[in-house]
Amino acid sequence: MDFNREAFRKSLHLTGLLIPLSYLLFGRELTLIFVSLAIVSFFIIEPYRISKDTAARIIEGIRPLLRREDAFQLVSKTIETIDARIKEIAREEEKMCIGAHIYFSISALLVLLFFPRNIALATISAATIGDALAAIIGIRWGFHRFRNGKSVEGSLAFLLSSLLVMLIFLSWPYALLGAILGSLSEFYNLPPNDNFSNQLVMALGIYLATLL
C-alpha cells in the first residue's frame, strides 16, 4: 500500500480516539453502550463491505426512486466512487475477512470492561495513535527494514508516540512498560490481528505491574 492510501486509511483509524473521548465526556457505561452498538453495526455492514457486487445492488435499488436520469447518474457515480475508495484502502486479508476496525473495537470493549479507567484510556489512545504513526512513518521514512517488513523508524514512532500519550494518564514507569509492550506486539503482529492484541497486551502488562 502506498503512502497516500495508508495515510488516508490511518486517518480513518484515528476515529478510535472517539472511544477515550467518550469515556472522558460521558463516562464508562455510556461508552460501553456506544462501542457495543458500533460492533453490532460493523458486523451487520461487514458482509456488504466484503461483497463485490454491493455497489451495483445499491444502485439498482435506488433506480426506481430517482426518475431524473441526471440525478440517478450523479448518485450512482458517487456510490461507485465511495465503494472503490473503500476497497482501495482495504488490505488483501480484509477483502475476504473482517476488517481491522472490528478487531480494534472488540479489543477496546474488552479493555473498557476489565481494566481500570486510566489504563483503559491510556492503552486505547496509545494503540490508536501509535499504530497510525508507525504505519505512516514506516512507509514514508522506513529505510531500515527487518525481515518481517517492519522498519526501525516505524517501530520507534510507535514506541515514542505511545509513551507520550500514556504519560497523560499514567506515571512514567507504567507508561514506559506499556509503550514497550505495545511496540513488541505491533512488531510481531500478534494474532489474530495487531489491532486486537496491542491494546490487550499493553493493558494486561500495565495492570499486572500495578499489582506487584
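Whether any residue in the stretch 123-145 is closer than 22 Å to THR31 by Cβ, modelled with pLDDT under 90, buried (at least 16 other Cβ atoms within 10 Å of the Cβ) and not β-branched (Val, Ile, Thr) is what I want to check. Taking every residue of the stretch 123-145 in turn, at least one turns out to be closer than 22 Å to THR31 by Cβ, modelled with pLDDT under 90, buried (at least 16 other Cβ atoms within 10 Å of the Cβ) and not β-branched (Val, Ile, Thr). Taking each residue of the stretch 192-211 that is under 19 Å from ILE102 (Cβ atoms) and part of a helix (DSSP H, G or I) and looking for partners that are at pLDDT below 95 and not small (Gly, Ala, Ser) with beta-carbon atoms closer than 6 Å, six or more apart or interchain, yields ASP194/GLU186; ASN195/TYR103; ASN195/PHE104; PHE196/TYR103; SER197/LEU190; ASN198/GLU186.
Residue-by-condition table, conditions (1) at pLDDT below 70; (2) among the small types (Gly, Ala, Ser); (3) farther than 30 Å from SER171 by Cβ:
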{"position": "ARG49", "(1), (2), (3)": "yes, no, yes"}
{"position": "ILE58", "(1), (2), (3)": "yes, no, yes"}
{"position": "PRO64", "(1), (2), (3)": "no, no, yes"}
{"position": "ALA71", "(1), (2), (3)": "no, yes, yes"}
{"position": "LEU74", "(1), (2), (3)": "no, no, yes"}
{"position": "THR81", "(1), (2), (3)": "yes, no, yes"}
{"position": "VAL111", "(1), (2), (3)": "no, no, no"}
{"position": "PHE114", "(1), (2), (3)": "no, no, no"}
{"position": "ALA120", "(1), (2), (3)": "no, yes, no"}
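Here's the yes/no breakdown for (1) more than 30 Å from ALA127 (Cβ to Cβ); (2) surrounded by fewer than 12 Cβ atoms within 10 Å (Cβ to Cβ); (3) modelled with pLDDT of 80 or more; (4) of a type in the set (Ser, Thr, Tyr):
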residue	(1), (2), (3), (4)
ARG28	no, no, yes, no
LEU32	no, no, yes, no
GLU46	no, no, no, no
ARG67	yes, yes, no, no
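Residues that are crowded, with 21+ Cβ neighbours inside 10 Å and either under 19 Å from SER155 (Cβ atoms) or in contact (Cβ under 8 Å) with a residue 60 or more places away in the chain (or both) within the stretch 166-180 comprise MET166, ALA175, GLY178, ALA179, listed in sequence order. Taken together, the residues in the stretch 144-172 that are touching a Ser or Thr at 6+ places or on another chain (Cβ under 7 Å) and over 30 Å from ALA209 (Cα atoms) amount to 2.
Quick one: is ASN189 modelled with pLDDT under 90 and under 16 Å from the mean Cα position of the chain (by Cα)? Yes: the conditions hold for ASN189. You will find that of LEU190, LEU163, LEU184, LEU204, the residue that is hydrophobic (A, V, I, L, M, F, W, C) and farther than 21 Å from PHE146 by Cβ is LEU204 and no other. Looking at the stretch 112-144 only, could you name the residues that are of a type in the set (Lys, Arg) and touching a Phe, Trp or Tyr at 6+ places or on another chain (Cβ under 6 Å)? The answer is ARG140, and nothing else.
The values are calculated or read from the model by the stated rules, or taken from the named source; none is laboratory data. Source: prediction; values computed, not measured. Reconstructed Cβ throughout: ideal geometry from the backbone, glycine too, with neighbour counts over all protein chains shown.
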